[in-house]
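Reading through the structure tokens given below for one structure.
The values are calculated or read from the model by the stated rules, or taken from the named source; none is laboratory data. Computed from a predicted structure; not experimentally measured. Methodologically, a virtual Cβ is constructed for each residue, glycine included, from the backbone with ideal geometry; neighbour enumeration extends over all protein chains shown. Only protein heavy atoms, including side chains, enter the accessible area calculation; ligands, DNA and RNA are left aside. Shrake-Rupley method; radii C 1.70, N 1.55, O 1.52, S 1.80 Å.
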Amino acid sequence: LSFSAEGYQTRFVPLRGKDFDARRPLDVRLKRGAPDDVRAPYEGVGMVLIDQPPRVWVREVFTGSPAELAGLRANDVLLLIDGVPAQAPAQKNVIPLIMGRAGTTVMITVQRGNEQLQFALRRGLIRF
């Protein structure tokens with residue numbers, strides 16, 4: 001299943017067999033590029049987000065990405081994106097704020113344990 005809006009495209013990849021767990025959040029990756037190529041490079045910070053309403057969590061940080069270089073980690077809870085509250089659903093409320101032209105900066109505030117941390121990320125070209 002694919003969806004396209006405002007130049008961005010998403011693809012929902014159904015899980016089958018032993019990998020399927022209805023309790024696990026659906027992995028949704030947002031990218032610019034051809035809808036048939038889920039590994040096309042895109043401009044952003046290089047992380048996968050999951051919704052657990054009302055929160056949005058970092059599920060994965062890509063090796064060598066702006067997110068990793070800034071210090072973001074899996075399981076960080078997003079609080080603010082450029083001062084705007086990060087609320088589920090990520091697809092609608094968070095990802096459009098995080099993605100942007102390579103070389104521009106986005107401020108991300110997260111909760112990690114009992115700490116609130118703020119990171120300045122310089123967006124880049126994310127390649128798989």
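Summary of computed values
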read-out	value
Selected residue (criterion: nearest to Ser65 (Cα to Cα)) from residues of the range 112-128 that are without any contact (Cβ under 8 Å) to a residue 40 or more places away in the chain and assigned to a strand (DSSP E or B)	Gln118
Count of the range 92-111 residues which are of a type in the set (Val, Ile, Thr) and without any contact (Cβ under 8 Å) to a residue 24 or more places away in the chain	2
Of the criteria (1) modelled with pLDDT under 90; (2) open to solvent by less than 70 Å² (accessible area, probe 1.4 Å); (3) out of contact with any Gly (no Cβ under 9 Å at 6 or more places or on another chain), which one Lys31 fails	(3)
